[in-house]
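Read the structure below first, then the notes.
FYI, it's all coordinate maths here, none of it is from the lab. What you are looking at is a predicted structure, and each value in this text was computed from that prediction instead of being measured. Positions of Cβ are backbone-derived with ideal geometry, glycine not excepted, and every protein chain shown enters the neighbour counts.
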């Protein structure tokens with residue numbers, strides 16, 4: 001049985017239709033990778049799952065079933081038992097995720113006190129142990145530091161310590177390595193994977209980097225213009241992509257010896273305007289007449305699906321326009 005099941009989720013902010021019928025599921029202990037260009041709705045999905053959407057956002061349709069209850073129906077007080085306890089989040093900028101006025105040890109200890117009722121002194125000892133577990137040097141001294149006294153990599157480790165302190169059932173990692181250099185990125189990703197295995201937490205890993213997604217994910221959802229346009233196992237999506245957008249993302253990954261990158265021409269559509277037909281059609285080299293109609297996800301076998309008419313009609317007269 002799935003731990004999380006998102007069904008036809010729509011999110012609107014003013015006149016912008018940010019999420020347009022998103023559906024996916026996450027099993028216990030599984031890693032689901034969510035990949036796509038900036039502005040395609042990845043982070044908004046994470047905020048919706050955490051009950052942290054902007055105040056002017058509305059969910060006109062859809063369900064978010066987590067552990068047997070619909071999160072879209074929760075009242076603000078009900079989120080206190082879910083957010084930080086059953087579902088945690090690691091955001092891309094650790095400096096803005098931490099309270100600059102609190103010592104990092106107190107911020108970790110607060111999780112144990114608030115969600116597990118552990119006394120302050122014992123919670124402080126657990127905070128030291130957690131800092132040691134996530135690889136922060138001299139944890140006994142580091143608990144007394146403020147966020148600005150730590151490096152970017154250390155701050156991100158503190159955020160991860162806070163996220164895993166309650167041993168959540170689901171962790172949402174939204175671009176957790178974007179603000180770090182390449183060496184630190186690898187260290188943080190390995191840390192997330194090790195803690196996930198130890199705790200048994202399911203992870204939704206959000207990134208624009210399909211290489212990172214492919215290295216860590218059991219299954220992948222490819223987002224475009226507020227929709228899931230392809231989903232399947234990591235192996236299927238990376239080695240046998242069906243949607244032209246997924247193929248374009250993979251072609252744009254830098255490779256050793258390549259003289260130039262294969263950029264995706266054009267721009268994603270504005271979500272403030274109504275999108276007619278396939279959202280990727282204006283940028284797709286394989287578009288044809290049927291693309292004037294909006295495709296839904298089409299099953300291509302072995303759990304892989306793609307929202308592309310080419311899946312059903314692979315032979316057609318190509319539109320010669322770029």
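Descriptive notes on the structure:
- Global form of segment 130-241, assessed from the alpha-carbon gyration tensor, a/c cut-off 1.5: prolate
- Applying Stokes-Einstein at 4 °C and 1.567 mPa s to the Kirkwood radius of the chain, computed over alpha-carbon pairs, gives a translational diffusion coefficient of 62 µm² s⁻¹.
- Efficiency of FRET from Cβ geometry, residue 215 and residue 140, R₀ 30 Å, rounded to 0.05: 0.35
- When the helices of the chain are scored as -39500 (n - 2.57) per DSSP H run of n ≥ 4 and the total is divided over every residue, the value at 222 nm lands at -8500 deg cm²/dmol.
- Taking the fewest neighbouring Cβ atoms within 10 Å as the starting point, the ordered list for 24, 95 is 95, 24.
- Each label was represented as a point 7 Å from its Cα along the Cα-to-Cβ direction; for residue 121 and residue 86 these points are 3.4 nm apart.
- Here each label is just a point 7 Å from Cα along the line to Cβ, and for residue 251 and residue 58 those points are 4.1 nm apart.
- Length gained on full extension, residue 186 to residue 263: 25.2 nm, using 0.36 nm per residue less the C-alpha separation.
- Summarised in one figure, the compactness ratio Rg/Rh of segment 94-165, Cα atoms and Kirkwood Rh, is 0.92.
- Residues residue 65 and residue 113, FRET efficiency given R0 of 30 Å [Cβ-Cβ distance, rounded to 0.05]: 0.50
- Nitroxide proxy distance, nm - points 7 Å out along Cα→Cβ at residue 299 and residue 178: 3.5
- Looking at segment 153-255, the DSSP beta bridges with both ends there are about 55 percent antiparallel.
- Relative contact order for the chain: 20 percent, from Cα pairs under 8 Å spaced at least 6 residues apart, divided by residue count.
- Value in Å of the Kirkwood radius, where segment 188-274 supplies the Cα pairs that are averaged: 14.8
- Looking at the chain alone, DSSP beta bridges between its own residues are antiparallel in about 60 percent of cases.
- Alpha-carbon centroids, segment 39-53 and segment 127-142: separation in whole Å: 30
- Theoretical FRET efficiency, 1/(1+(r/R0)^6), r = Cβ-Cβ of residue 93 and residue 313, R0 45 Å, to 0.05: 0.55
- Normalising the average separation of contacting C-alpha pairs (under 8 angstrom, six or more residues apart) by the number of residues puts the relative contact order of segment 94-165 at 44 percent.
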